[in-house]
Every structure is written in C-alpha cells, then in structure tokens.
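Asker: Once you've had a glance at the structure underneath, I'll fire off some questions.
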Amino acid sequence: QGQLVESGGGLVQAGGSLRLSCAASGRTYSGYAMGWFRQAPGKEREFVAAITWNSGNREYADSVKGRFTISRDDAKNTMYLQMNSLKPEDTAVYYCAARLWFPTSDQNDYPYWGQGTQVTVSS
C-alpha cells in the first residue's frame, strides 16, 4: 500500500518562505502526476500546484503563480513545494496527492493522499 507523508509546515511571518516535502513510500510513483492542494479553515480544499512524473509540465493556481514552485526528485520519491513571499491567506493545511498520468487541478481525480501539514502565516 502506498503512502504519502507531508512535512515542512510551520509558523512563518508574512513575506517569509517555507519548503514543503511529500515523501512517497510503499510503491513506485513513476508515471504518476503529483499535486499540492490546501484547505483553509472554513473553506473547501483547493488546488495549489501539480507536476507531471518527469517534471515536464507544471501547473499553478493563479493565487500562487510567481511565489510557489513545485518540483520533484523521483530518485528520492519526494515532491517539494517551495513557498516564497507567503501571505496570511496562504494559511491552510497543505496536502500532497498522486494520480496516474497527467496532472489536473481537480482533487477528485487524485486517489492517493497524504495526511497534510499545517502552514500558518502571521501578519
């Protein structure tokens, strides 16, 4: 059974940076697209970024373009989200997810999920 485990969340001041990691284990994720989603208190979970298995294609939500960078190291079975210029509205639980083939922004397309890591940005 595959497992995705997020780490790297924490408390940071506005304007600061964090790097989230998503470690995959229990199965190979070669050929799988992977994505980051987030859920703020009282809101629905939303798409943040996604990447193809060979890092050839990356997609971002408009709200994070230019500030966040998604990447992956398939040799380490790990995906990353570098978050710069953080804003209080970025506060949320961040989840990583995986699906076969190409990335999408629809969370319903992703069958594999991690448990999430909390990111809190203070003003």
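The values are calculated or read from the model by the stated rules, or taken from the named source; none is laboratory data. What you see is a predicted model; the values in this text were computed from it and never measured. Quick reminder, even Gly has a Cβ in these numbers, built from the backbone with ideal geometry, and neighbours come from all protein chains shown. Just so you know, the surface numbers come from the protein's heavy atoms only, side chains and all, with ligands and any DNA or RNA stripped out. Shrake-Rupley method; radii C 1.70, N 1.55, O 1.52, S 1.80 Å.
Asker: Within the stretch 111-119, does at least one residue satisfy the condition of being in contact (Cβ under 8 Å) with a residue 24 or more places away in the chain, open to solvent by less than 70 Å² (accessible area, probe 1.4 Å) and over 13 Å from Glu6 (Cβ atoms)?
Answerer: No, the stretch 111-119 has no match at all.
Asker: Which condition from (1) under 22 Å from Leu18 (Cβ atoms); (2) open to solvent by 70 Å² or more (accessible area, probe 1.4 Å) is the one that Leu100 breaks?
Answerer: Among (1) under 22 Å from Leu18 (Cβ atoms); (2) open to solvent by 70 Å² or more (accessible area, probe 1.4 Å), Leu100 violates only (1).
Asker: When the stretch 11-27 is examined, which residues are found to be open to solvent by 50 Å² or more (accessible area, probe 1.4 Å) and of a type outside the set (Gly, Ala, Ser)?
Answerer: Result: Leu11, Gln13, Arg19, Arg27.
Asker: Taking the condition of being assigned to a loop (DSSP other than H, G, I, E, B) and within 27 Å of Tyr32 (Cα to Cα), how many residues in the stretch 76-90 meet it?
Answerer: Qualifying residue count, the stretch 76-90: 3.
Asker: Only one of Pro88, Pro103, Pro111 is under 17 Å from Ser25 (Cα atoms), touching a strand residue (DSSP E or B) at 6+ places or on another chain (Cβ under 7 Å) and not hydrophobic (A, V, I, L, M, F, W, C); which? Please lay out each step first, then the result.
Answerer: Values: Pro88 fails: under 17 Å from Ser25 (Cα atoms); Pro103 fails: under 17 Å from Ser25 (Cα atoms).
Criteria check complete, one pass: Pro111.
Asker: Continuing with this model, one more query. Given the condition of a type in the set (Val, Ile, Thr), open to solvent by 60 Å² or more (accessible area, probe 1.4 Å) and at pLDDT below 95, answer yes or no: does some residue in the stretch 45-66 qualify?
Answerer: Taking the stretch 45-66 as the starting set, the residues that turn out to be of a type in the set (Val, Ile, Thr) are 48, 51-52, 64.
Narrowing further to those that are open to solvent by 60 Å² or more (accessible area, probe 1.4 Å): none.
No; the residues of the stretch 45-66 include none that is of a type in the set (Val, Ile, Thr), open to solvent by 60 Å² or more (accessible area, probe 1.4 Å) and at pLDDT below 95.
Asker: Out of curiosity, is Arg38 in contact with a strand residue (DSSP E or B) (Cβ under 8 Å, 6 or more places away or on another chain), crowded, with 17+ Cβ neighbours inside 10 Å and either assigned to a loop (DSSP other than H, G, I, E, B) or at pLDDT below 95 (or both)?
Answerer: On the way: in contact with a strand residue (DSSP E or B) (Cβ under 8 Å, 6 or more places away or on another chain): yes; crowded, with 17+ Cβ neighbours inside 10 Å: yes; either assigned to a loop (DSSP other than H, G, I, E, B) or at pLDDT below 95 (or both): no.
Considered against the rule, which asks whether it is in contact with a strand residue (DSSP E or B) (Cβ under 8 Å, 6 or more places away or on another chain), crowded, with 17+ Cβ neighbours inside 10 Å and either assigned to a loop (DSSP other than H, G, I, E, B) or at pLDDT below 95 (or both), Arg38 comes out as no.
Asker: Got a sec? Which of Arg27, Arg19 is closer than 17 Å to Leu4 by Cβ and under 15 Å from the mean Cα position of the chain (by Cα)? Even if it seems obvious, please write down each step before you answer.
Answerer: On the way: Arg27 fails: under 15 Å from the mean Cα position of the chain (by Cα).
Matching residue, one of Arg27, Arg19: Arg19.
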